[in-house]
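Accompanying notes for the structure given below.
The values are calculated or read from the model by the stated rules, or taken from the named source; none is laboratory data. Fair warning: this is a prediction, and the values are worked out from it, not measured in the lab. Here the Cβ is made from the backbone with ideal geometry for all residues, glycine too, and neighbour counts use every protein chain on show.
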Amino acid sequence: MKKRGMDVLLVAALVLAGVGMAVLLWPREPGEAVQVRVDGTVTAEYPLSASLRTRIEGVGGYNELVIEDGSARLEEADCPDRICVRTGRIRQKGQSIICLPHKVVIEIVGAAPSPAPDVTGR
Amino acid sequence: MKQPAKNRFSAKKAARFGLLVALALIFSYAESQIPPFFAVPGMKIGLTNVVVLTALYKMGSGPAMGVNLLRIFLVGLLFGNPFSVVYSLSGGMLSTVVMILLRKSGRFRLITVSVAGGVFHNVGQIAAAAVIMQTAQLGWYMVVLWFTGMLTGALIGVLGYEMVRRLPDALFE
Ligand SMILES: [Zn+2]
């Protein structure tokens, strides 16, 4: 029955590590802006208070970003798995929606959005 | 005619190995037809892990790793893309290594080995996603996938246990 004891120990350790991660990593702060990244590059940032619908050109396809009522979601996409669409709404700082096939990440960030990228000097 | 017995032995073993790879392919395909019910990339039941567990407990560490590697490359070739191969390779290799080590330690039951395998499968996939997407902001995915990995690992462990128990050892000798 020594074997069973080790099993309980390992499963307990896994649960504990998971709870620890949840406490450390689970986003709780409300966010302020939505950052869009395509293939690792920030392509746009919008205030979460906005009400808009825009098309993100991903790698090999598009994702339609909708921001309303203080949350963001990818409403439509032509990716094969459509997992990004199923992820639903996000509003807490640190939350993200990922479209792996298109290499698109939208993430809720805390900082106020910077001016539109095309206006900013380099 | 040197060692005919040994040759026959390995041919038979190769046939069993091929059978397991074929079974893993079928499971992979079946699973790809199920729409994902958790809206997180990489969230799958991991049916093929039943086959990896069978290979691990009936044939050993090498065949378990081999079945999984071949399965990943064949699935990528048949229904996937290079990108999905990297992704499943990272999860598949990490979970298989963890399961091999835990089994070798001789201290854990099959179902526990499978639970740890489920968790580290998802950890490997998240790690690959973090590198590919160039983002470290995958914390909440990690939390969700950590626990779903435990649940699916337990489910697969029960199936795998039945498979290992019911299949006669003679089939793999
Ligand atoms: Zn998508």
Keeping to the stretch A:86-100, report how many residues are touching a strand residue (DSSP E or B) at 6+ places or on another chain (Cβ under 8 Å), within 7 Å of chain B (Cβ to nearest Cβ) and buried (at least 17 other Cβ atoms within 10 Å of the Cβ). 5
Residue check: is B:Ser90 closer than 30 Å to A:Lys93 by Cβ, under 12 Å from the mean Cα position of the chain (by Cα) and without any contact (Cβ under 8 Å) to a residue 60 or more places away in the chain? yes
Inter-residue pairs, beta-carbon under 7 Å, first away from the ligand (no atom under 15 Å from the Cβ) and in the stretch A:68-97, second of a type in the set (Gly, Ala, Ser) and not in a strand (DSSP E or B), 6+ apart: A:Glu68/A:Ser51; A:Gly70/A:Ser49; A:Arg91/A:Gly31; A:Arg91/A:Gly70; A:Gln92/A:Gly31; A:Lys93/A:Gly31; A:Lys93/A:Gly110; A:Gly94/B:Gly139
With the first residue restricted to the stretch A:16-29 and required to be over 18 Å from A:Val109 (Cβ atoms), and the second required to be part of a helix (DSSP H, G or I), Cβ contacts under 6 Å at 6 or more apart or on different chains are A:Gly18/B:Trp146; A:Gly18/B:Phe147; A:Met21/B:Val143; A:Ala22/B:Val143
Test A:Ile98 against the criterion of being hydrophobic (A, V, I, L, M, F, W, C) and at pLDDT below 90, and give yes or no. yes
Would you mind stating whether B:Ala64 is assigned to a helix (DSSP H, G or I), hydrophobic (A, V, I, L, M, F, W, C) and farther than 23 Å from B:Arg16 by Cβ? no
Could you check how many residues of the stretch A:57-67 are away from chain B (no Cβ under 14 Å) and within 11 Å of the ligand (Cβ to nearest atom)? 2
Can you find a residue in the stretch B:71-87 that is within 14 Å of the chain's Cα centre (by Cα), over 30 Å from B:Ala15 (Cβ atoms) and within 11 Å of another protein chain (Cβ to nearest Cβ)? yes
Qualifying positions in the stretch A:1-27 - at pLDDT below 90 and farther than 23 Å from B:Met133 by Cα: A:Met1, A:Lys2, A:Lys3, A:Arg4, A:Gly5, A:Val23
Condition first: in a helix (DSSP H, G or I) and more than 11 Å from chain A (Cβ to nearest Cβ). Can you find one or more residues in the stretch B:126-147 that meet it? yes
In the stretch A:101-122, which residue that is more than 9 Å from chain B (Cβ to nearest Cβ) and within 16 Å of the ligand (Cβ to nearest atom) is modelled with the highest pLDDT? A:Ile106
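Matching residues to (1) at pLDDT 95 or above; (2) under 26 Å from B:Ser84 (Cβ atoms):
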site	(1), (2)
A:Thr54	yes, no
A:Glu64	yes, yes
A:Pro80	no, yes
A:Val85	no, yes
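Residues in the stretch A:38-56 that are among the basic types (Lys, Arg) and either within 13 Å of chain B (Cβ to nearest Cβ) or away from the ligand (no atom under 16 Å from the Cβ) (or both): how many?
1
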